[in-house]
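Some notes on the structure that comes next.
Please treat every number below as a calculation from the coordinates, not as lab data. Keep in mind that this is a model prediction, so the values were computed, not measured. Reconstructed Cβ throughout: ideal geometry from the backbone, glycine too, with neighbour counts over all protein chains shown.
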Amino acid sequence: MRMPRRGLVIQARTRWLLVGLALLFSLVLLMYLLECAPQTDGNGSLPGVVGESMGKEYYQALLQEQEEHYQNRATSLKRQIAQLKQELQEMSDKLKSLQEKKSPKVNGMNYQGTKEQTSNDLLEFLHSQIDKAEVSVGAKLPSEYGVIPFESFTSMKVFQLEMGLTRHPEEKPVRKDKRDELMEVIEAGLEVINNPDEEDGQDEDDGVGDRQLYSENDFIEGYYRTERDKGTQYELFYKKMDGMEYRHVTLFRPFGPLMKVKSETVDISRSVINVIVPLAGRTEAFAQFMQNFRDVCIHQDKRVHLTVVYFGQDGLSEVKSILESVASETDFHNYTLVSLNEEFNRGRGLDMGARAWEKGEVLMFFCDVDVYFTADFLNSCRLNAEPGKKVFYPVVFSLYNPAIVYANQDIPPPVEQQLVHKKDSGFWRDFGFGMTCQYRTDFLTVGGFDLEVKGWGGEDVHLYRKYLHGDLMVIRTPVPGLFHLWHEKHCADELTPEQYRMCIQSKAMNEASHSHLGMLVFREEIEAHLRKQAYRTNSEAAG
């Protein structure tokens, strides 16, 4: 079928029209590019090789670019702050709405318009926290020990006083939230310096171009301390590299009023604890452990099952005899003895003890034969572990060598009288993670212990880290009812270098307090002094 002549003419005209429009567009684009292209000067200086004519303009451009960078950053921070304030306001509105639904009127008055009053009250409370804290003026303290010391920090490290046995005098913040907190404080200080208010003492006539802008590289050092009922105080110092003038900023993060998170009733009356103890030899220590178990678990608590996992054959009959004797004397039969004819492995022993339980879910307490616990601790164990939600890692109070602690006595007192929390009697074992309360399903879900770890130490840390890397909450706190009794520690030659180092370190820390170890080190000097004193006294008496 042939196309009509008129159609061909229209099609040809349309094609030429499109071509013409394309050429016109290309011409306009070319003229635009020529117009917008930067003009060049053959005598202009290259960046980095600044001539006399362009030097001033070049540096002004750099300063302007830097100024725009910091202004953009400040604008971004202000926008984030505004967004957070808006979210806080929305949450306050929701809370207020819920409160109004519960009690919409008081004395016939509707409190729809009290949002502003609530915000003012909150702001007034936060300012009162600053007024009560030791920020501007000091406080009268009863003694030199009443001072709350600061901890100092730089952009990379924190220098701390309260170290325990795991932290160092100087270290990088381990927790991400702590690192983020310090960086947030440094940036907030920069915001205060680079965008001063009227009350900051800088003239408003000083333009941004006349004022030095500070960056994170200008941060020198800072100090912070926390008053637990008021907030955290930060003292920040900044200085330019080539200047002698310091900028000092004081910030305060006030604590808000107490808020109820939840209130619940916890019934632990039917919560059974499976106490699992791995053991090899050490039958005398086991007899002492069973005496404590009899007093606390059988006579007082009465909701405990005991699982003993014994390695080897030497001493197995004695352990059986001790268990049978306790059972016959107290009518207690809630115990299981698992025998393994192999080399001692604490992780494998606890793992076998957990899997030997065949009655479904149960709360487990991983224990050692040298641990002494009270009935109150068992309740703490029940209250701080919850299946699928949290595990309990109490910090044990480890007792020193009684032969050193009570060296001025003929014989050390009974164990029950040694259970005191004093500096020279023991220490909080904050580097140990072996004592723990957790539910059986949680233990199996995370994969249990690393059974490749042989001998002493390491297996408990691996399990602890599994929980830290998971979703369960880890409750870590010192508890007064849990003690580790001193015993002679032997570090086997078969241990790996890392295990041997940990064993020796633990052995040294377990022996005595700093002052008592010092007395041992300088014992000869002390004895020589006492002999001289005695000789001098006798000489004066004879004269």
- Message: Defining a contact as two alpha carbons under 8 Å apart and six or more residues distant in sequence, what relative contact order in percent does region 309-376 show?
- Response: 40 percent
- Query: If r is the Cβ-Cβ distance from residue 66 to residue 119 and R0 is 35 Å, what FRET efficiency results, to the nearest 0.05?
  - Reply: 0.40
- Which whole-number percent gives the relative contact order of region 220-367, counting Cα pairs below 8 Å spaced six or more residues apart? 23 percent
- Query: GluC sites (Glu not before Pro), restricted to region 245-306: which are DSSP loop and have at most 13 other Cβ atoms within 10 Å?
  - Reply: 245, 264
- Interchain or long-range residues, amide H under 5 Å from residue 338's placed H: 308, 309, 310
- Note on the structure: In vacuo Debye sum over C-alpha of region 367-511, base-10 log of normalised intensity I(q)/I(0) at q = 0.11, 0.22 Å⁻¹, listed in q order, is -0.47, -1.39
- Derived scalar couplings ³J(HN,Hα) [region 228-238; Karplus, 6.51 cos²θ - 1.76 cosθ + 1.60; whole Hz; x for Gly, Pro]: 4, 9, 10, x, 10, 9, 10, 10, 10, 10, 10
- Query: Taking square-rooted eigenvalues a ≥ b ≥ c of the alpha carbon gyration tensor, is region 436-510 rounded, prolate or oblate, where a/c under 1.5 means rounded and, failing that, a/b exceeding b/c means prolate?
  - Reply: oblate
- Gain in span if fully extended, residue 496 to residue 245, counting 0.36 nm per residue against the direct Cα distance: 84.9 nm
- Message: Could you work out the pair-distance distribution P(r) of region 248-400 from its alpha-carbon pairs, with 5 angstrom bin width and percents rounded to whole numbers?
- Response: 2, 7, 16, 19, 18, 12, 8, 4, 3, 3, 3, 2, 1, 1, 0
- Item | Point-to-point label distance, residue 359-residue 267, nm (Cα→Cβ direction, 7 Å offset) | 1.8 nm
- Query: Translational D (Stokes-Einstein, µm²/s) of region 273-518 at 25 °C and 0.890 mPa s when Rh comes from the Kirkwood sum over C-alpha pairs?
  - Reply: 131 µm²/s
- Once you have the Cα-Cα distance between residue 176 and residue 529, take 0.36 nm times their residue separation minus that, and quote the gain in nm to one decimal. 121.8 nm
